Every structure is written in structure tokens, then in C-alpha cells.
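Notes for the one structure printed next.
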Amino acid sequence: MRGARATTVTVTAFPWTSRSRSTTTRMASGRTRGGTRVGAASDAASDAASSVYDAPEIYDVAFGFRDFDKEIDFLETLVREYGGLHGGGGLTSALELGAGPAWHSLACARRGIQAVALERNPAMRAYANDKKVAVEASGVKLNSMRVVDGDMRHIELPHMMAPEGGFDCVVMLLGTVAHLLTYDDAISCMTSVRKQLKPGGLFVVELEHPWDLFSGDLSEGVGDAWDRVDEERGVKVLVEWGRDGDEFDIETQVYERTVSFNLIELDGNENTKPKVLKTVEEVVPCKIYTAPEFKALARAASLAHVGTFGDMSTTMALDDEDAHNMVLVFRRDD
Ligand SMILES: C[S@@+](CC[C@H](N)C(=O)[O-])C[C@H]1O[C@@H](n2cnc3c(N)ncnc32)[C@H](O)[C@@H]1O
């Protein structure tokens, strides 16, 4: 299995539900496959905020395992090595699109980097702000961080929130790009990104790895499932990211991905039926982008491709057997 990152046990259909389907078990770095639905991705679909993000506390357990400090190290290295028109400076400002709990912005702000977390889901924004307050209560100042309501397809930041001259870096991480359901959305987003970048500024996008796209029959949705334990909170989250048989629209390249989160209480007894504290399930339209496609869209928005990696690491090549995501780096070259 490629990309086994951290923990996890796998699930072949949740034993305490009546489902009997089999679920392919792949490690999640986040993204994956799935799909259902017929018909083109509509504007209405791309405007609809997904309710799977209405439970940030569950999302936190499911995806908060990443080493965010290391990921900010990566961004700092990128800006140093690829940023700037005449040699990179340091990372002093970052804009995070589809920020969710804003882990990356928090990690930036801890280093004194000006960070703006743009997120359209109110529950996620509230959660991110609560995290900021909690960190500040522990004595760490995060004055340089803001959480803002916005749509990454048409980025408009309140006055004074963007640094003069533009951001050093704009990031769109963990497959957030899948929510850009049309090419118009993608170009509009990247045109907006370009405006937010300073000349020489970088746009860093984390997508699913091409092997995840091309290793099976793309048109037949294959599900992913994994679980994550949070000992501190005494809970486990079962994540289903795509379900076998989810539909894939071959014209729009949009999967209708069944996503579910089951939050379960850990009682330490494997013989008792686990208590499900909360369940969230939704079919989420997710657009698949290949690297050549995404690079062409970026070019249409006047962003130059300057690097590709197999993880949030400059030492992980895309074809490395441990690569499990695809990170594309673009630069505003004027
Ligand atoms: C896969 S999550 C990624 C969260 C976070 N960046 C991370 O690394 O875990 C995608 C996030 O993008 C947000 N989102 C989706 N479409 C958006 C849009 N058009 N504008 C702003 N945020 C959006 C969702 O609400 C969700 O919080």
C-alpha cells in the first residue's frame, strides 16, 4: 500500500452497521476516490457548502494528524528556493484557501508569519477562531492571524488584511481543489490567487496522487476507509471517503463521493458495541484534476509552474514509492 501515513486500522464495512459492502482500504492522506451521480457539475452544486464540514471537531480527529510544523518548514523552503523574482526572500505572509480548522495558518502565526485563513463554512471558521483563542490563552500571541469568511473562487479580503504588495504564498491543501467543480471555478480561483500574490509569490496546491487516479478503473468508484484514534479525547473516528460504486461523470470528471464520519466513544472493551456519538454522511461532488490539466489552467491564469513534489516535502519526488500526494507549485512571474 502506497503512502501509509501514520496510524490506522482499516475497515471493511463497519461491523455495527447493516452495511455489508466491502471497502477498499487505503491510507488517507486526505484525498481519494469515489463518485456517484450523473450530470454535469452545476453552479448550484459548486455553491453549496458541504455539510461534512459542519462537524469540525470530527474533521479535526480525522485529518489533524499531520505534522503542520513540518509542512510550514516545507513552505518556508519553497519560498526561499523558488519564490521571488530575483531570488527568494523569507515567508512573511500566507493566505490559506479552504482553511478548514486553519491548522496551517495557526502554525504560521506561531512563527510570526502573517496568516489569513479563508473559509466559507461558518462552523469551521468558529472552530478555527476557538483554536486561536485557546492557543492565545496559553500565552502564545497570534496577532498575525485572521480567519475570514470568503469564497476561494472570488477572493476578496477585507481592507488591511492583505499585506502591502501581496502575499508571499497562497496555499490550497489536502485536496481542497476538488471543490472547484468546473474549469471556470478553477480559472477564476487562480486568477484571484494571482491578484493576491506579490510578484514572485508562490501558489502551492496539494492534490491527490496520480497513482490514486490511474491505478484502478477510474469510472468505477472505489471507496476508502480508515479510522483514527484520539486517545486524549477518548474517541475514534471512522472515515469513509468514497464508497464502492460511487458514480463518476466521465465528461465533467466529477465524482459524487460518499463521505461519512462516525465519531465513536472509546471504552477500551472490544467486545461491547461501540457507542456512536455522531454520524455525518453526505454525497460530496469532487472534481478530479490531473497534473497536466491543472498546469494548463494555471497557465491560463498566468501562473508559471515551478515545481512538483510527492508530498509536503522538497525531498519527496512524485514518483517516489512513498509519495502519496501531489504538490504543485506555481509562481507569479511578473
Ligand atoms: C478538504 S478541506 C481542507 C481543510 C484544510 N485546508 C486542511 O488542510 O485540512 C476543504 C475545506 O475547503 C472549504 N471550502 C470548500 N469550498 C470552498 C470555497 N469555494 N471557498 C472557501 N472555502 C471552501 C470547506 O468548507 C473545507 O473546510
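What about Gly98, is it in contact with a Ser or Thr (Cβ under 7 Å, 6 or more places away or on another chain), within 12 Å of the ligand (Cβ to nearest atom) and open to solvent by 20 Å² or more (accessible area, probe 1.4 Å)?
Considered against the rule, which asks whether it is in contact with a Ser or Thr (Cβ under 7 Å, 6 or more places away or on another chain), within 12 Å of the ligand (Cβ to nearest atom) and open to solvent by 20 Å² or more (accessible area, probe 1.4 Å), Gly98 comes out as yes.
Under 9 Å by Cβ, and 6 or more places apart or on different chains, what pairs join a residue from the range 127-141 that is closer than 13 Å to Glu57 by Cβ and open to solvent by less than 60 Å² (accessible area, probe 1.4 Å) with one that is among the aromatic types (Phe, Trp, Tyr) and in a helix (DSSP H, G or I)?
Within 9 Å, the pairs are Tyr127/Tyr59; Ala128/Trp103; Lys131/Trp103.
How many residues does the range 113-139 contain that are within 11 Å of the ligand (Cβ to nearest atom) and either under 22 Å from Asp334 (Cα atoms) or part of a loop (DSSP other than H, G, I, E, B) (or both)?
Going through the range 113-139 one residue at a time, the tally reaches 2.
Does Leu142 satisfy being farther than 18 Å from Leu106 by Cβ, in a loop (DSSP other than H, G, I, E, B) and either touching a helix residue (DSSP H, G or I) at 6+ places or on another chain (Cβ under 6 Å) or at pLDDT 95 or above (or both)?
Criteria not met by Leu142.
Pull out all pairs, ordered by first then second residue, where Cβ-Cβ is under 8 Å, the residues are six or more apart or on different chains, the first lies in the range 52-68 and is farther than 14 Å from Ala126 by Cα and at pLDDT 95 or above, and the second is more than 9 Å from the ligand (Cβ to nearest atom) and not hydroxyl-bearing (Ser, Thr, Tyr).
Once the first residue is farther than 14 Å from Ala126 by Cα and at pLDDT 95 or above and sits in the range 52-68, its partners that are more than 9 Å from the ligand (Cβ to nearest atom) and not hydroxyl-bearing (Ser, Thr, Tyr) give Phe68/Leu106; Phe68/Ala107.
Kindly indicate whether any position in the range 160-168 is on the phi < 0 side of the Ramachandran plot, part of a strand (DSSP E or B) and more than 12 Å from the ligand (Cβ to nearest atom).
The answer is yes, given that some residue of the range 160-168 is on the phi < 0 side of the Ramachandran plot, part of a strand (DSSP E or B) and more than 12 Å from the ligand (Cβ to nearest atom).
List the pairs whose first member sits in the range 87-115 and is more than 14 Å from Ala162 (Cα to Cα), whose second member is open to solvent by 30 Å² or more (accessible area, probe 1.4 Å) and within 11 Å of the ligand (Cβ to nearest atom), and whose Cβ atoms are under 6 Å apart, counting only residues at least 6 apart or on separate chains?
The qualifying pairs are Pro101/Tyr127.
Can you give me the number of residues within the range 298-334 that are open to solvent by 20 Å² or more (accessible area, probe 1.4 Å), of a type outside the set (Lys, Arg) and not in a strand (DSSP E or B)?
15
Go over the candidates Leu174, Leu202 one by one and state the one that is under 24 Å from Gly310 (Cα atoms), within 10 Å of the ligand (Cβ to nearest atom) and of a type in the set (A, V, I, L, M, F, W, C).
Leu174
The values are calculated or read from the model by the stated rules, or taken from the named source; none is laboratory data. Note that the structure is predicted; figures quoted are calculated from it, not measured. Positions of Cβ are backbone-derived with ideal geometry, glycine not excepted, and every protein chain shown enters the neighbour counts. Areas reflect the complete protein model, heavy atoms only, side chains present, ligands, DNA and RNA absent. Shrake-Rupley method; radii C 1.70, N 1.55, O 1.52, S 1.80 Å.
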